[in-house]
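The structure appears right after this line, and notes come after that.
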Amino acid sequence: MHLVIGGNGFLGSHLVRRLAAAGEQVRVLTRPTSDLRSLAGMDVEHVTGDLFDAAAVDAAMTGCDTVFHCAVDTRAWLTDPAPLYRTNVEALRSVLDVAARHDLRKFVATSTMATIGRGTGRAVVDESQRFDWADRAPHYVLARVAGERLALSYAEHSRVPVVAMCVSNTYGPGDWAPTPHGSFVAAAALGRLPFTVRGMRAEAVGIDDAADALARAAVRGVAGERYIVSERSIDLGDVVATAAAAVDREPPRLVLGKPALYAAGAAGTAWTRLPQVFPPARALPGAGAPQKLSLDSVRLMHVMAPMSHAKAERDLDWHPRPVTEAVAEGARFWRDLVARRREARTR
């Protein structure tokens, strides 16, 4: 029996689908308020509980030999970092303490590519590159680094057989939220993107391939190790062009570079902080609300060095498809979703 914590999320739901399709028994732990539409139609066991409720987590783990922890807070734009540390560190600690009481074969923890060091001067980095940019990293990254180190410490002390999966930007169908990078795919597919961006590169992987990497880590991964889960570094402009072409649309004609995007990010950050420096602005609708496009989120679009996934290929026998295929599938997902909604309204 496999337990997927946070199985309703983008990565978690694709992992659940992958495991169920392989004939595996799957149990999913979600919160009472979780949106479960990503799990619709799947033959899995549902358990409802909070990650800080040790009794609920213990009941969910009972009878399971593998745990996949996919419950992470990826809201890098939050101005108050407390929720990031609460979910990505403290909630993870609570779950690991319960896991230490079970005889698990593997605990596969979802980490992020941002925990890999930038390796200044290196053309390509890998898992051996330790995190080396704490002085510039936003709280989102610092929280994820703390969470990964915490999880691996349980493996180091033989308490829980943790494998850390350093997942890059994921693309594909079912990105309901959508993720910040997935927003560009959705907007391009629906013809709502006024501009495209060039010069912003980031590591990326198809969502199904990311789920496959996690499933393989449960079987072949080495406890205490971390694995880069990324197919390639891709320019955001190429993501937009691929998404538009997949649904027979022309990509936006207006092309922005780094300076323009940083200006937009600065504007987003300023709008968030406006009520602090100019209290009368609190009367403006939305003033002070966290903006997804901020200086921190813009930096994260291109700050990482190109990465090698050779270790995952070697140890996990993982061979991802070109991420452009997943981007195209994501674009068609949004096109078809909007078409179905329009059809439902006309009935």
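Numbers for the structure displayed
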item: J(HN,Hα) series, the range 91-108, from Karplus relation 6.51 cos²θ - 1.76 cosθ + 1.60, nearest Hz, glycine and proline x; result: 5, 4, 4, 4, 5, 5, 4, 6, 4, 5, 8, 10, 8, 8, 6, 7, 10, 9
item: Fully extended contour minus Cα-Cα distance, from D103 to R232, at 0.36 nm per residue; result: 42.8 nm
item: Extension gain (nm, one decimal) between H46 and R253, 0.36 nm per residue minus Cα-Cα; result: 69.9 nm
item: Unit Cα scatterers, Debye sum, the range 36-86: log10 I(q)/I(0) for q = 0.22, 0.26, 0.30, 0.32 Å⁻¹; result: -1.03, -1.13, -1.20, -1.25
item: For the range 140-254, alpha-carbon Rg over 2.2 N^0.38 Å; result: 1.30
item: Other-chain or far-sequence residues with amide H under 5 Å of V197's (modelled H); result: G237, L256
item: Acute angle (nearest 10 degrees) that the helix 323-346 long axis makes with the longest principal axis of the chain, alpha-carbon atoms; result: 70 degrees
item: Selected from V67, L254, L51, residue furthest toward positive end of dipole (the chain; charges at beta carbon); result: L254
item: Cβ-placed point charges (K, R +1; D, E -1), dipole of the chain about Cα centre in debye, nearest 20; result: 1060 debye
item: Zone of V222's modelled label, taken as backbone nitrogen in the range 104-133 under 15 Å from a point 7 Å along Cα→Cβ; result: 127-129
item: Length added when fully stretched, A82-L190, from 0.36 nm per residue minus Cα-Cα; result: 35.4 nm
item: Amide H within-cut-off set for W133, under 5 Å, with H built and near neighbours excluded; result: R118
item: Separation in nanometres of the label points that stand 7 Å from Cα toward Cβ, at R37 and R332; result: 2.1 nm
item: Rg(Cα) / (2.2 N^0.38 Å) computed for the range 1-106, rounded to two decimals; result: 1.04
item: Pairwise label distance in nanometres, R345 with Y262, each label 7 Å out on the Cα-Cβ vector; result: 4.0 nm
item: Diffusion coefficient, µm² s⁻¹, Stokes-Einstein with Kirkwood Rh over alpha-carbon pairs of the chain at 4 °C and 1.567 mPa s; result: 62 µm²/s
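Each reported figure results from applying straightforward, stated rules to the coordinates on display, with no laboratory input. The shown structure was predicted, so the numbers you read here are calculated from the model rather than taken from an experiment. Note that we place each Cβ from the backbone using ideal geometry, even for glycine, and neighbour counts take in every protein chain shown.
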